[in-house]
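The values are calculated or read from the model by the stated rules, or taken from the named source; none is laboratory data. Model, not experiment: these values are computed from the prediction. Here the Cβ positions follow ideal geometry from the backbone for every residue, glycine too, while neighbour counts run over all protein chains shown.
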Amino acid sequence: MGALINKNSSKQKINGLGTFGGVFTPSILTILGVIMYLRFGWVVGNVGLVGTLLIVTMATAITFLTSLSIASIATDQKVKTGGAYYMISRSLGIESGGAIGISLYFAQALSVALYTVGFAESIVQVFPDLNEKLLGIVTTIAVAGIALGSAKAAIKAQYVIMVGIAISLVCLVLGGPAETTEIEVTVKEPFKSVGFWTVFAVFFPAVTGIMAGVNMSGDLKDPKTSIPKGTFLAIGVGFIIYMGLPIILANRASTEALINDPLIMRKMSLWGDSILVGVWGATLSSAIGSMLGAPRVLQALAKDNILPNFLKWTGKGAGEDETPRLGTIFTLAVVLITVWVADLNLIAPILTMFFLTTYGVLNVAAGTERFLGSPSFRPTFKVHWIFSLIGAVACLAVMLLINTPATITALLFVAGIFVWLKKRELNSSWGGIGRGVRMAILRANIMRLTEDLDTKNWRPNPIVLAGSPTKRWHLIEFANTFTNKQGILSVASVLSEGSMNTEQIQSMKLHIQEFMLKKGVNGLVKVMQAKDRFEGAVNLVNAYGLGTLVPNTVILGESLSDESRSNFCNMIHRFYDLQRNVLIVHKAKEGPTFGNRKRIDVWWGGLKGNGGLMMILSYLMSNNIDWRQAKVHIKMVVGSDNAVPKAQDNLKGILEEIRIQAKCDIIAANGRSFDEILQESSKNADLIFMGLATPNENFGEYYASVQNRIKDLPTTVLALAAQEVAFGKVLVKNSDEAES
């Protein structure tokens, strides 16, 4: 699946809508709409002149900051059908875009209901005998019929409506105070005042008109130019009008009249019926604008395979301009249900939540792109990321102040859609900024890491020399038990030089990654070639990593070949010189590799070096869900029975100090050899840890003797601590005696 394809892009480039008709006109008509005519007096009556000016300023500020983000994104990419959804999905990725796109669609659909309900309410104010619900339904169907025709025809009709609105505003300015007797007849309900944030929630949809132009992006001749210019102009004109109207309203009618009479403007206008012309024109034009926008968002979602399969048909377009007629019919059904069950004061706050959520994410998208400084993000309209951040924070803060439970519900709704889309594992050709965010975080943290080892926070970051992972899976499984999704696990394969070409190596790497994911293991994969595989392994371990973030523990299987033992032991010696801990896994000859995962034997030699490393690993393994029933046995050999009690007390004291639950097995030799004790004591273990001596010139002979010693034992891990880490201090908090 890729980006949206516009088959008629060249025709749209020539015949598309311009800035004035395609962006400014639908935006300003939506801004100067139902809220201004039917609820602005109610706003002034509830919060007063100063409160109204504050609400207008705050709401417009949020809209303006969001429009800056919109302009930034719009001038960086070709904005096609879907408007804000298209912008978000191409910036944040398909899941985030889809989650917000669905919310945006419902916001646009509910906007249609807001305007048609407002239109019906204003008609009933003049003709009380009419049925408001029925009138709203008829109006909605008529609006859908116009939208099904042509976007250009609808825009042309809006020019006439805009003239009507201008006339109504002029008549309002030239009018005077409402007649007292007229107000007394109109006001039938008692005085009811509501809070500031409730009023803000009802008013906010009045300034959300910027989406009307953005949603027509697929029909614009030049979206990059038209969207910023038309949007800023509409916001500016709307702000001037909304700052002037409260002064007129507050000085021409009482608080009670403003609150209780939706058409109070009619009573203070020079020509009262001009207000009816304005409100009817504004509500119908806004409804048409939203009815044009919502199906186009739905169409974009369907084309990107965001919607469930049973709604894919909504993405089909008709005619040269790809008019979403099927999407319009579906939207009509959604709007009709809303019109039937809701009223103006109920729809407006819900709309506010949807729009604020969309605005917030748009700001996040633009701010993150700018902050990361991605080479692919090159907008011609540059906005500092701090403004987008302020816009995003303002959206969230206002949502919480309006209604905290509703905010949490809205965020959970978006998060739920995001998780649903994530599980569907959708693919897109445009990607998202998620990788850029992770890279920025990774860089910041890597640059903060120093060469000084932090003993307190040490954990194994293993690199598994697995060869063929499918055949030596037990090595990866073992490493995964103690990284436990906390450390960084790497799996490496060193191949003989010339055995594969570059494409085959890449294919093998992808195969290993897929195999690990199927097994539920997260890790990095490295495949390389070398003339000598032992030399190649050393070079890989030495060079692998980023800055100070390197594997600190090498895990590999044992070498059973006499011919290769010398090279193998030399490799171990060099790993030790590189200060990489080494864990050599000897696999049990019979039965499951790790038995029943119920018993881990650690042959104790003190907290220094190998002993401390083995204790940490056994502790981490016992915390793994697959080893949760395992009991750690600390094995220690003393000369005779007389030495057992003291050794037992000492070992128990150490275990209490390091806070590790384990059983102390103190074994008296009484003349027996260590090999004999080892075979007898650990024959029933599921996993055995034993330390290796420091490599020297005789390491090959020593390793051969160790192999002979453990050949009949269950799976045994030979541990060689090479890092300059006080492993005892990792186990013992605030102790300077841990290494004693």
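Return the residues of the range 679-699 that are under 27 Å from ARG565 (Cβ atoms), under 53 Å from the mean Cα position of the chain (by Cα) and outside any strand (DSSP E or B); say none if nothing qualifies. Across the range 679-699, the qualifying residues are SER682, LYS683, ALA685, LEU692, ALA693, THR694, PRO695, ASN696, PHE699.
Taking the listed residues VAL334, VAL339, VAL383, the one that is part of a loop (DSSP other than H, G, I, E, B), of a type in the set (A, V, I, L, M) and touching a residue at least 24 places away in the same chain (Cβ under 8 Å) is VAL383, with no other qualifying. Applying the criterion of being at pLDDT below 85 and among the hydrophobic types (A, V, I, L, M, F, W, C) to the residues of the range 301-310, the residue that is farthest from MET211 (Cα to Cα) is PHE310.
Go through the residues of the range 506-515 one by one and say whether even a single one is in a loop (DSSP other than H, G, I, E, B) and surrounded by fewer than 17 Cβ atoms within 10 Å (Cβ to Cβ). There is no residue in the range 506-515 that is in a loop (DSSP other than H, G, I, E, B) and surrounded by fewer than 17 Cβ atoms within 10 Å (Cβ to Cβ). Taking residues in the range 264-287 that are more than 21 Å from TRP42 (Cβ to Cβ) and touching a residue at least 12 places away in the same chain (Cβ under 8 Å), and partners anywhere that are surrounded by fewer than 24 Cβ atoms within 10 Å (Cβ to Cβ) and among the β-branched types (Val, Ile, Thr), the pairs with Cβ atoms closer than 6 Å and at least 6 places apart or on different chains are SER285/ILE161.
Of the residues contained in the range 250-259, none is found to be within 24 Å of GLY21 (Cβ to Cβ) and assigned to a helix (DSSP H, G or I).
Whether any residue in the range 498-509 is out of contact with any Asp or Glu (no Cβ under 6 Å at 6 or more places or on another chain), among the β-branched types (Val, Ile, Thr) and over 18 Å from LEU475 (Cα atoms) is what I want to check. Yes: one or more hits.
Look at (1) farther than 16 Å from GLY611 by Cβ; (2) buried (at least 17 other Cβ atoms within 10 Å of the Cβ) and you find that MET636 fails only one, number (1). Only one of the numbered conditions (1) surrounded by 14 or more Cβ atoms within 10 Å (Cβ to Cβ); (2) more than 27 Å from ILE306 (Cβ to Cβ); (3) not aliphatic (A, V, I, L, M) is violated by PHE418, and that is (2). Each residue in the range 207-225 was checked for being at pLDDT 70 or above, touching a Leu at 6+ places or on another chain (Cβ under 7 Å) and surrounded by 24 or more Cβ atoms within 10 Å (Cβ to Cβ), and 1 of them qualify.
Based on this model, can you work out whether TRP313 counts as more than 22 Å from LEU104 (Cβ to Cβ), assigned by TED's automatic domain parsing to the domain that holds TRP420 and among the hydrophobic types (A, V, I, L, M, F, W, C)? Here the answer is no, as TRP313 does not meet what is asked.
Please note which strands (runs of 3 or more DSSP E) are completely contained in the range 559-677 and include at least 1 residues that are modelled with pLDDT of 90 or more, among the basic types (Lys, Arg) and over 30 Å from ALA543 (Cβ atoms). First the steps, then the outcome.
Numbers: elements: 581-586, 599-603, 631-638, 663-668.
Ranges flagged: 599-603, 631-638, 663-668.
Give LEU687, LEU651, LEU655 a once-over and let me know the one that is over 24 Å from ASN570 (Cα atoms) and touching a Ser or Thr at 6+ places or on another chain (Cβ under 6 Å). Break it down into steps so the answer makes sense when it comes.
Working: LEU651 fails: touching a Ser or Thr at 6+ places or on another chain (Cβ under 6 Å); LEU655 fails: touching a Ser or Thr at 6+ places or on another chain (Cβ under 6 Å).
One residue alone meets the criteria, LEU687.
Looking at ILE488, ILE476, ILE446, ILE463, which is the one that is closer than 21 Å to ASN581 by Cβ, surrounded by 11 or more Cβ atoms within 10 Å (Cβ to Cβ), at pLDDT below 90 and aliphatic (A, V, I, L, M)? Working first, answer last.
Working: ILE476 fails: at pLDDT below 90; ILE446 fails: closer than 21 Å to ASN581 by Cβ; ILE463 fails: at pLDDT below 90.
Step by step, each of ILE488, ILE476, ILE446, ILE463 is checked, and only ILE488 is closer than 21 Å to ASN581 by Cβ, surrounded by 11 or more Cβ atoms within 10 Å (Cβ to Cβ), at pLDDT below 90 and aliphatic (A, V, I, L, M).
Taking the numbered list (1) surrounded by fewer than 21 Cβ atoms within 10 Å (Cβ to Cβ); (2) under 23 Å from the mean Cα position of the chain (by Cα); (3) touching a residue at least 40 places away in the same chain (Cβ under 8 Å) in turn, SER388 passes all entries but (1).
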